[in-house]
Each structure stands twice: as structure tokens, then as C-alpha cells.
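Asker: Before I ask anything, here is the structure I am working with.
The values are calculated or read from the model by the stated rules, or taken from the named source; none is laboratory data. Not measured: the values here are computed from a predicted model. Note that we place each Cβ from the backbone using ideal geometry, even for glycine, and neighbour counts take in every protein chain shown.
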Amino acid sequence: MTLTRAASTYPHGRGACYEPAVNGFAIAGGRWRAVPVGEPERAELLGLFQACEEFWRATEGRTPSGVQVDELLHDLPPGRTPADKHVLGLRGPDGGLAGVLDVVRGYPAETSWFIGLLLLAPEVRGHGLGDAVCEGLEAFVRARGGEELRLAVLEQNAGARRFWEQRGFVTVDSVRRTFGNLESVALRMAKPLVP
């Protein structure tokens, strides 16, 4: 299962309204695309979050609502601006929203990119899309001077931890935090990007 909840692992900060700064990237040989999404796609994002209710219950102890959409679109780590944040919808051949990827450039270090969320709709899981998104993201980040990917996985999300470990991420430390209604241990993970 390719679900990561990490956006709340940095102290919450709100940026100005999210403005897409990139055109996205191709996935799976161009059959899929990661494209910027924002306020105009709010209803689609909420629909995706509701389809993934089990993820939100397991990681935050609550059902998804507009609160999670607001956090996705507006939360930023310290020292980052809306121009550093990329919220990308994962769209397939039919154009429908099948997932979302949130990544922030320059956090926690200038050459690091932090994956705040990778969430796939239940019907597209288990078919290699998560792998393809990761490959596309790595190429996208390397092309922009990124040297490392970072993320955090909640301890209770064992499937996501396995997913990221299978892709070369290693746990570097952990922190106890409250996410929604749950107190959890966030395992902070890193993967160096080889040129």
C-alpha cells in the first residue's frame, strides 16, 4: 500500500494560497501524468480522500474532510514558501484523479525534497503505479538539483513503511507527534539520489 502521511511531521505553517509552480511530469511512459492541482480541484481531492477513508482513520483517527484538503494545499514546513510546494494530482488515461503527491523543495536541507503525502485510490493500488510515481519523482527532483528525498511514515502504517524501504529509504530517526486525533511515532526516512 503506497500511503504516506507526513505533511504534519514538520511544525505546521500556513503559506499563502498554493500556486502551482511546475507543469508536473510523466509517469509510466506517459500513460499517467503528475499534474499541478490546487483550489479548483478541491472537490476532486476531497473525493479521493473519502475513497481512502481507511488511511485517514489509521493515521489521524478521523474521517477525511475539508480540513485535510486545506492541510494538503496550504501547510508548509519552516522556512519554505508556496513556491517550494508542489501538489500534484495523478491522472490516468481517462483524466480522473487517481492519486495525489505532495512534495516540498528545500526541506529539511536545501538539496532535500520532502514527500508530505503520496496517496493512491484503492482501485489503482497494487498495479505498479506507486513505483512509477517514485521513478518519475526521482527524475523530476534530480533534474532540479535535488540530492535527497525525505519523508516520514507513521509507525502504525506498516504497509507504507515496507513500500518506502523497498524503494531504498532508510529510517534516520523518529519523533512522537499528534496527527489529527492520534498520537503517533513518525519514522523519518531518507533516500540519497544517485545522479
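Asker: Is there any pair linking a residue in region 88-113 that is among the hydroxyl-bearing types (Ser, Thr, Tyr) to one that is surrounded by 19 or more Cβ atoms within 10 Å (Cβ to Cβ) and not in a loop (DSSP other than H, G, I, E, B), with Cβ under 7 Å and at least six apart or on different chains, and which?
Answerer: So the pair list comes out as TYR107/PHE114; SER112/ARG150.
Asker: Looking at region 134-149, can you tell me whether even one residue there is more than 16 Å from LYS191 (Cα to Cα) and touching a helix residue (DSSP H, G or I) at 6+ places or on another chain (Cβ under 8 Å)?
Answerer: No, the conditions are met nowhere in region 134-149.
Asker: Next question, about the same structure. When the residues of region 155-182 are filtered to those that are at pLDDT below 95 and assigned to a strand (DSSP E or B), which remaining residue is surrounded by the fewest Cβ atoms within 10 Å (Cβ to Cβ)?
Answerer: So, considering only residues that are at pLDDT below 95 and assigned to a strand (DSSP E or B), the one surrounded by the fewest Cβ atoms within 10 Å (Cβ to Cβ) is THR178.
Asker: Moving on. What's the number of the only condition in (1) touching an Asp or Glu at 6+ places or on another chain (Cβ under 7 Å); (2) under 23 Å from ALA186 (Cα atoms); (3) not basic (Lys, Arg) that PRO82 fails to meet?
Answerer: Here PRO82 meets the rest and fails (2).
Asker: A further question follows. Any idea which of VAL69, VAL104, VAL100, VAL87 is under 24 Å from GLY159 (Cβ atoms), crowded, with 19+ Cβ neighbours inside 10 Å and out of contact with any strand residue (DSSP E or B) (no Cβ under 9 Å at 6 or more places or on another chain)?
Answerer: On the way: VAL104 fails: out of contact with any strand residue (DSSP E or B) (no Cβ under 9 Å at 6 or more places or on another chain); VAL100 fails: out of contact with any strand residue (DSSP E or B) (no Cβ under 9 Å at 6 or more places or on another chain); VAL87 fails: out of contact with any strand residue (DSSP E or B) (no Cβ under 9 Å at 6 or more places or on another chain).
After applying the criteria, what remains is VAL69.
Asker: Report, by residue number, each residue of region 14-59 that is farther than 25 Å from ALA132 by Cβ, part of a loop (DSSP other than H, G, I, E, B) and either modelled with pLDDT of 50 or more or in contact with a His (Cβ under 9 Å, 6 or more places away or on another chain) (or both).
Answerer: Listed by number, the residues that qualify are GLY15, ALA16, CYS17.
Asker: Go over the candidates GLU39, GLU60 one by one and state the one that is surrounded by fewer than 17 Cβ atoms within 10 Å (Cβ to Cβ) and over 30 Å from PRO195 (Cβ atoms).
Answerer: On the way: GLU60 fails: surrounded by fewer than 17 Cβ atoms within 10 Å (Cβ to Cβ).
Going through GLU39, GLU60 in turn, the sole match is GLU39.
Asker: Among the residues of region 117-131, is any farther than 28 Å from GLY61 by Cβ and either at pLDDT 95 or above or surrounded by 15 or more Cβ atoms within 10 Å (Cβ to Cβ) (or both)? Give the derivation first.
Answerer: Let us first name the residues in region 117-131 that are farther than 28 Å from GLY61 by Cβ, namely 127-128, 131.
Adding the requirement that they be either at pLDDT 95 or above or surrounded by 15 or more Cβ atoms within 10 Å (Cβ to Cβ) (or both) leaves 131.
Yes, region 117-131 contains at least one residue that is farther than 28 Å from GLY61 by Cβ and either at pLDDT 95 or above or surrounded by 15 or more Cβ atoms within 10 Å (Cβ to Cβ) (or both).
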